[in-house]
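The values are calculated or read from the model by the stated rules, or taken from the named source; none is laboratory data. These figures come from a predicted structure and were not determined experimentally. Don't worry about glycine lacking a Cβ; one is built from the backbone with ideal geometry, like all the others, and counts go over all protein chains shown. Note: areas computed on protein heavy atoms with side chains; ligands, DNA, RNA excluded. Shrake-Rupley method; radii C 1.70, N 1.55, O 1.52, S 1.80 Å.
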Amino acid sequence: MTAEVYQKFNPLLHGGFAASDGKKDELLSTEFIRKFTHYAKSRIKPVMTQEAQEKICNEYAKLRSEQEQKTLPVTARQLETMIR
């Protein structure tokens, strides 16, 4: 069974969504987004470049050195967020 790619336009739900030039944009359906997300997670394996690794490492080190000025500590969880 294939999922509908676009939602049917419902003025009660999408009343303010119409473009200002009068052209009606289309919304992706929830089922399509769910299936696409599943497909992407199972098939797409991104690889981080060396340049990106160095940038993240430098920014994380900078945050750790400045943590005395902030109220919340910088933890490994912030590093994982930066990687994503």
Completion exercise
Expected output for the range 35-59 (first residue in a helix (DSSP H, G or I), partner surrounded by 10 or more Cβ atoms within 10 Å (Cβ to Cβ), Cβ below 7 Å, 6+ apart or cross-chain) is LYS35/ALA3; ILE56/MET82; ILE56/ILE83; GLU59/MET82
Exercise for the section: Filter the range 1-29 down to residues that are open to solvent by less than 100 Å² (accessible area, probe 1.4 Å), at pLDDT 70 or above and not aliphatic (A, V, I, L, M), then give me how many there are. Expected result: 1
Practice task
Return the residue satisfying two criteria in turn: it lies in the range 51-84 and is under 24 Å from LYS41 (Cα atoms) and of a type in the set (Gly, Ala, Ser), and of such residues it is surrounded by the most Cβ atoms within 10 Å (Cβ to Cβ).
Solution key: ALA52
